[in-house]
Amino acid sequence: MNALAKLDHRYVWHPFTQMRDWLKREPIVIMKGKGARLWDAKGREYLDANSSIWTNLHGHQHPRINAAIRRQLGKIAHSSALGLANEPASLLAEKLVAAANPPAVAPSSSPLRKVFFSDDGSTAMEVALKLAYEYARRTDRSHKPKFLALDGAYHGDTVGAVSLGHIDLFHKAYAGLLFKTDKVMAPYCYRCPFNRAKPERADARDYRKCNWECVGKVEQKFAAQKKRGNPYGAFVFEPLMQGAAGMIPQPAGWLSRATEIARSHGALLIADEVMTGFGRTGFGALREGERPREPKHRQESGLARTLAPPLFACHHEGVQPDFMALAKGLTGGYLPMAATLTTQAVFDAFLGEYEEFKTFFHGHSFTGNQLGAAAGLTSLDMLQAAGSVRPRQQLEQTLHDELQTLWRCPNVGDIRRVGLVAGVELVRDWRTREPFDLRERAGIRVCDALAKRGVLTRPVGNVIVLVPPYCTTSAEARRMVATLGEAIADFAKSL
Ligand SMILES: *Cc1c(COP(=O)(O)O)cnc(C)c1O
């Protein structure tokens with residue numbers, strides 16, 4: 001075994017990993033990356049098909065981001081934001097606020113004006129959670145504000161973020177540590193009990209037969225809580241697509257409807273854009289009633305469209321939240337940094353004389369870190385450059401087209417994509433939607449087969465996730481999907 005792999009086995013405890021399984025075989029030790037490719041200690045090359053857990057945007061070792069970090073390193077790596085301001089964090093905050101208030105969305109709602117920096121998606125959500133709680137109390141909305149989140153929600157692993165989450169497998173063990181939040185049905189067209197459509201070889205959102213019962217459930221929850229005399233303080237959601245739940249997309253129109261209900265009940269909106277932010281959702285939101293774009297139609301009208309798509313998922317449906325949590329792609333995936341954006345009204349509720357102690361008593365050692373901010377500034381610049389739209393659109397088109405080839409696999413039940421995020425749900429039989437028991441490790445086995453063939457990603461249960469870096473070439477994207485087809489075939493043979 002490779003010497004580094006031995007050290008890993010001896011000393012490192014990996015996240016979300018059954019270490020007994022881990023210790024049974026030699027781990028892949030990543031030594032280097034370039035663009036969408038990674039190399040391990042044995043010199044083997046891989047495609048990074050999940051952007052290093054959904055963080056990387058422009059590829060590894062991008063010369064511009066590398067240079068920005070080096071430039072900043074030549075000045076200073078870190079000074080505290082407790083009591084001090086710094087150059088790249090100030091510049092980045094300005095850019096984030098501008099990006100989070102696009103002209104098409106901002107005028108109709110209260111803009112996001114303030115940026116609270118932290119380190120990870122979980123911490124960004126903790127900040128939103130604490131601010132929303134305290135804001136609801138200070139504005140006399142509630143003395144003990146309650147939160148409504150979505151079934152299957154994942155907002156991170158710190159205790160507050162876990163409290164907002166609703167994935168039993170991850171969260172049940174810590175129930176005793178958590179505060180209680182409510183959950184409401186999240187749209188999951190493929191497995192929706194209200195969807196009367198028989199399975200088809202298409203994204204379940206496009207052939208569903210329902211009466212928007214999922215939206216009705218949101219309305220019912222808000223109404224019931226109001227009757228109890230303590231209306232929800234905040235509604236928490238991953239816009240357009242729930243990530244760790246299994247890449248579960250919302251049908252077009254769900255987000256605007258659900259948030260409109262929340263707003264009409266006076267609840268704050270907390271948008272967790274940790275996975276969806278920074279262009280990840282691409283052009284992917286279909287308008288209501290719109291069919292998925294056929295390649296031909298797309299060539300005629302779609303590719304001619306030069307308008308940049310929204311950088312944030314909420315804005316696909318004209319929704320402006322009161323809190324927007326950003327992390328994963330914030331630095332282009334180079335360094336851990338996060339931000340919680342909020343409104344002037346929330347900020348103002350924490351203003352007062354020193355001795356009133358209205359201060360937001362919260363912060364981290366690395367808040368506003370300069371290296372992360374420098375990377376973030378450059379990443380955002382690149383995203384907003386006119387020339388960056390076309391390649392992303394091209395990649396989205398390639399991903400869309402290639403994914404269609406997987407419908408021929410009988411063990412593929414649903415293929416769902418929003419922009420540059422896709423989930424392929426494995427089932428025992430597509431005609432019945434019968435799922436694999438988690439203990440069969442269908443997702444893990446397919447990803448192992450993928451890794452053997454040089455493509456790296458991680459499953460979510462029975463869902464294979466494809467989240468390519470934006471720099472992925474058409475040939476690389478085709479290889480990712482074709483290899484997935486082969487891996488699924490391998491797996492099917494083993495059944
Ligand atoms: C990854 C993720 C988080 C948690 O972010 P970390 O950086 O892992 O703490 C929160 N919300 C969503 C939607 C995520 O995908």
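The values are calculated or read from the model by the stated rules, or taken from the named source; none is laboratory data. All of these numbers come straight from a predicted model, not from anything done at the bench. Virtual Cβ from ideal backbone geometry, glycine too; neighbours counted across all protein chains shown. Accessible surface is based on the protein model in full, side chains and every heavy atom, while ligands, DNA and RNA are left aside. Shrake-Rupley method; radii C 1.70, N 1.55, O 1.52, S 1.80 Å.
Per residue, the chain exposes 45 Å² of accessible surface when a 1.4 Å probe is rolled over the protein heavy atoms with every protein chain present.
Taking a Cβ cut-off of under 10 Å around residue 247, the surrounding Lys, Arg, Asp and Glu residues balance to a net charge of 0, with basic ones at +1 and acidic ones at -1. Debye sum, Cα scatterers, region 322-434, no solvent: what log₁₀ I/I(0) at q = 0.14, 0.18, 0.20 1/Å? For the requested q values the scattering log ratios are -0.85, -1.01, -1.10. Working note: 222 nm ellipticity from helices only, DSSP H runs with n ≥ 4, each -39,500 (n - 2.57), summed and divided by the residues of the chain, gives -10000 deg cm²/dmol to the nearest 500. Computed from the C-beta positions of residue 407 and residue 173, the FRET efficiency with R₀ = 35 Å rounds to 0.40.
Rounded to the nearest Hz, the phi-derived 3J(HN,Hα) couplings of region 406-412 under the Karplus curve 6.51 cos²θ - 1.76 cosθ + 1.60 (θ = phi - 60°) are 7, 4, 6, 7, x, 8, 9, where x marks glycine and proline. For region 1-126, carbon and sulfur atoms together expose 58% of the accessible surface, with a 1.4 angstrom probe and every protein chain in place. What is the chain by shape, rounded, prolate or oblate, if you read a ≥ b ≥ c off the alpha carbon gyration tensor as root eigenvalues and call it rounded for a/c under 1.5, prolate for a/b larger than b/c, and oblate otherwise? Note, shape of the chain comes out rounded.
At most 12 other Cβ atoms within 10 Å and a DSSP loop assignment: could you name the chymotrypsin sites (Phe, Trp or Tyr not before Pro) in region 305-399 that fit? Please report the intermediate quantities before stating the final value.
Details: sites: 312, 323, 334, 347, 350, 354, 357, 360, 361, 366; in loops: 312, 334, 350, 357, 360, 361, 366.
Here the sparse-neighbourhood loop sites are 357, 361.
Note: relative contact order over the chain, using C-alpha pairs below 8 Å and six or more positions apart, is 22 percent.
For residue 412, the residues whose modelled amide H falls within less than 5 Å of its own, excluding neighbours fewer than 5 places apart on the same chain, are 427.
Determine the shape class of region 69-141: with a ≥ b ≥ c the square roots of the Cα gyration tensor eigenvalues, call it rounded for a/c under 1.5, and otherwise prolate if a/b is greater than b/c, oblate otherwise. Don't skip to the end; give the middle numbers.
Numbers: a/c = 2.61, a/b = 1.46, b/c = 1.79.
In terms of gyration-tensor shape, oblate.
Of all stretches in the chain that contain no GluC sites (Glu not before Pro) in a DSSP loop with at most 13 other Cβ atoms within 10 Å, the longest one is 1-199.
Using R0 = 30 Å, the C-beta based FRET efficiency linking residue 361 and residue 73 works out to 0.40.
Stretched out fully, how many nm does the piece from residue 45 to residue 486 gain, at 0.36 nm a residue minus the Cα gap? Taking 0.36 nm per residue and subtracting the Cα distance, the gain is 157.0 nm. Restriction of the trypsin sites (Lys or Arg not before Pro) in region 24-111 to DSSP coil positions whose beta-carbon has at most 13 other beta-carbons within 10 angstrom yields 24, 25, 42, 44, 75.
Across region 336-341, computed HN-Hα scalar couplings (Karplus, 6.51 cos²θ - 1.76 cosθ + 1.60, θ = phi - 60°) run x, 7, 9, 8, 10, 9 Hz from first to last residue, x flagging Gly and Pro. Bridges between two residues of the chain, per DSSP, are antiparallel at a rate of about 70%.
Remark: region 469-486, residue by residue, has Karplus-estimated 3J(HN,Hα) of x, 5, 7, 4, 7, 4, 4, 5, 5, 4, 5, 4, 6, 4, 5, 4, x, 5 Hz, where x stands for each Gly or Pro and the curve is 6.51 cos²θ - 1.76 cosθ + 1.60 at θ = phi - 60°. Between residue 470 and 58, 59, the built amide H atoms are under 5 Å apart, and every one of these is 5 or more places off in sequence or on another chain.
For region 139-173, run through the chymotrypsin sites (Phe, Trp or Tyr not before Pro) and keep only the ones in DSSP coil with at most 15 other Cβ atoms within 10 Å of their Cβ.
Values: sites: 147, 154, 170; in loops: 154.
Within region 139-173, no chymotrypsin sites (Phe, Trp or Tyr not before Pro) qualify (loop, at most 15 other Cβ atoms within 10 Å).
Quick check on region 33-72: take the gyration tensor over C-alpha atoms, sort the square-rooted eigenvalues as a ≥ b ≥ c, and tell me if it's rounded (a/c under 1.5), prolate or oblate. Verdict is oblate for region 33-72.
Expressed as a rounded percentage, what relative contact order does region 406-495 have, with Cα pairs under 8 Å and six or more residues apart?
Working: 132 pairs, mean separation 25.3, N = 90.
That works out to 28 percent.
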